[in-house]
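The values are calculated or read from the model by the stated rules, or taken from the named source; none is laboratory data. Since this is a predicted model, take the numbers as computed values, not measurements. In this analysis, Cβ positions are derived from the backbone assuming ideal geometry, glycine residues included, and neighbour counts consider all displayed protein chains. Heavy atoms of the whole protein, side chains included, go into the accessibility calculation; ligands, DNA and RNA do not. Shrake-Rupley method; radii C 1.70, N 1.55, O 1.52, S 1.80 Å.
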Amino acid sequence: MNVRQFTDSITTALQAIYAQPEAQAIAALVAEHLLQMDALKRMMDAQKPVAEGAKVALELLLARLLAHEPVQYVLGTAHFAEMELEVTPATLIPRPETEELVYLIKQEQASRVGLRVLDVGTGSGCLALALARLLPAAEVLAVDISAEALSVAQRNAARYAPQVTFEQLDILTSLPRGIAPGSLDVLVSNPPYVRESERPEMRDNVLAWEPATALFVPDADPLLFYRRLAEVGRVLLRAGGSIYLEINEALGAETASLLTPEDFEDVRVLPDMFGKVRVVRGIRQ
C-alpha cells in the first residue's frame, strides 16, 4: 500500500460518519501524522510504500475516530494561528473563526506599546499565545477555572510564548491578582455561550467529547459570562482600552447592549469569515 492508497483508505472508512469533504480533510491529517509528513511531502511521495507500523497504528486511531472522537483529540494537536497546539478533552478545540479575533486585535492594537492583555477562559491558551506572538512587546495574562486546561496551556506556552503568565480563578467571582483597576489595555474572551436548548443542533463529536463547562450556559441566563466580563472591563480597562468577546451568533445585539454607552463607546458587532455574527468589541471611555 502506498501513501495515496493509505490516505484514500482512511477517507473511505471515515465516510461511514462524515461527508466526503470532511472525511478527506480528516484523512489527510491522520495520514500526515502517522507518516510524519507535511501536506506537500504527502502529495510528492504519493507512490511511496507505507510501513506496516503505520497501518497497525491506524487501526487504533480509526476506532476512536469512528466513535466520533474529534481528530484533534485523537492526534493530540490542533492548528491555530501558525501554531500546533496540544489539546485534550480538558480544553476546547480552537476554531478557525477564533483566529479572526486574534488578527482583529493585532490590527487594532499593533501600534500601541506596553500593552497589558488579559485572556479570560484561556483553555488551550490559543488566544493568549497567538496574541503574545503577534504583539511581542505585550504583557499577557491568561486565566481559566480549570487546572487541567491551564496545564495544557502552560505546556503550549513553553513551546510558543513562554512570556505568558497564567492564573487559575473563577472569573464570575474573582479578579486576577496583579492587575490594578484602570490598568488593562485589552480584555479578550471566548467564554461559554451555547444555550442548553441548542444542544440538539450540535454534532456528536462536540457533545460527547468537548468540555461542557466551556460550552454551555443556562437558557435562563445565556449572557451570564458576558455580563460579568462587562463588569470586569469597567473595573480593569483603562480609558481607551478595548474589550473583545466571541459570542453566540443569535445574541449579538443582546451582548452588545451590555457594553453600555456610559462606559463603552464605538461598540460593534462583527461577522466572521462565514458572515455569521461572531465578535462584540467596545472601547472603554
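Residues of segment 188-215 being within 25 Å of L129 (Cβ to Cβ) and either surrounded by fewer than 16 Cβ atoms within 10 Å (Cβ to Cβ) or out of contact with any Ser or Thr (no Cβ under 8 Å at 6 or more places or on another chain) (or both), which ones? So that I can check it myself, show each step before the final result.
So in segment 188-215, the residues within 25 Å of L129 (Cβ to Cβ) come out as 188-194, 205-206, 209-215.
Hits for segment 188-215 are V188, S189, P191, Y193, V194, N205, V206, W209, E210, A212, T213, L215.
On the given criteria, is I10 open to solvent by less than 30 Å² (accessible area, probe 1.4 Å) and over 27 Å from A149 (Cα atoms)?
Judged against the criteria, I10 is a match.
Note on segment 196-230: residues that are closer than 30 Å to L14 by Cβ and in contact with a helix residue (DSSP H, G or I) (Cβ under 9 Å, 6 or more places away or on another chain) total 10.
Looking only at segment 253-267, filter to residues that are charged (D, E, K, R) and out of contact with any helix residue (DSSP H, G or I) (no Cβ under 8 Å at 6 or more places or on another chain); which one of those is farthest from G240 (Cα to Cα)? If you could, list the steps in order and put the result at the bottom.
If we filter segment 253-267 for residues that are charged (D, E, K, R), which is where we start, we get 254, 262-263, 265-266.
Now restrict to residues that are out of contact with any helix residue (DSSP H, G or I) (no Cβ under 8 Å at 6 or more places or on another chain): 254, 262, 265-266.
Numbers: E254: 23, E262: 14, E265: 9, D266: 11 Å.
Within segment 253-267, the match that is farthest from G240 (Cα to Cα) is E254.
Which condition does S124 not pass, out of (1) part of a helix (DSSP H, G or I); (2) within 30 Å of T173 (Cβ to Cβ); (3) modelled with pLDDT of 95 or more, if it passes all the others? Against the list (1) part of a helix (DSSP H, G or I); (2) within 30 Å of T173 (Cβ to Cβ); (3) modelled with pLDDT of 95 or more, S124 comes up short only on (1).
The residues of segment 119-165 that are of a type in the set (A, V, I, L, M), in contact (Cβ under 8 Å) with a residue 24 or more places away in the chain and open to solvent by 30 Å² or more (accessible area, probe 1.4 Å), listed by number, are L134, A137, I145.
Here's the yes/no breakdown for (1) modelled with pLDDT of 95 or more; (2) within 30 Å of N248 (Cβ to Cβ); (3) among the hydrophobic types (A, V, I, L, M, F, W, C):
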site	(1), (2), (3)
R42	yes, no, no
Q47	yes, no, no
R64	yes, yes, no
P70	yes, yes, no
G76	yes, yes, no
L85	yes, yes, yes
A90	yes, yes, yes
L101	yes, yes, yes
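Kindly indicate whether P192 is within 19 Å of R234 (Cβ to Cβ) and modelled with pLDDT of 95 or more. Against the criterion (within 19 Å of R234 (Cβ to Cβ) and modelled with pLDDT of 95 or more), P192 does not qualify. For the condition closer than 23 Å to D204 by Cα, surrounded by fewer than 17 Cβ atoms within 10 Å (Cβ to Cβ) and over 23 Å from the mean Cα position of the chain (by Cα), A51 does not qualify. Of the residues in segment 37-47, how many are in contact with a helix residue (DSSP H, G or I) (Cβ under 9 Å, 6 or more places away or on another chain) and open to solvent by 100 Å² or more (accessible area, probe 1.4 Å)? Going through segment 37-47 one residue at a time, the tally reaches 2.
Take the conditions at pLDDT 95 or above, of a type outside the set (D, E) and open to solvent by less than 40 Å² (accessible area, probe 1.4 Å) and apply them to P181. Does it pass?
No.
Scan segment 94-118 for residues that are open to solvent by less than 10 Å² (accessible area, probe 1.4 Å) and either free of Cβ contacts under 8 Å to residues at least 60 places away in the same chain or within 11 Å of the chain's Cα centre (by Cα) (or both) and jot them down. Break it down into steps so the answer makes sense when it comes.
Here is the first cut: in segment 94-118, the residues open to solvent by less than 10 Å² (accessible area, probe 1.4 Å) are 98, 101-102, 105, 109, 115, 117-118.
T98, L101, V102 - these are the residues of segment 94-118 that are open to solvent by less than 10 Å² (accessible area, probe 1.4 Å) and either free of Cβ contacts under 8 Å to residues at least 60 places away in the same chain or within 11 Å of the chain's Cα centre (by Cα) (or both).
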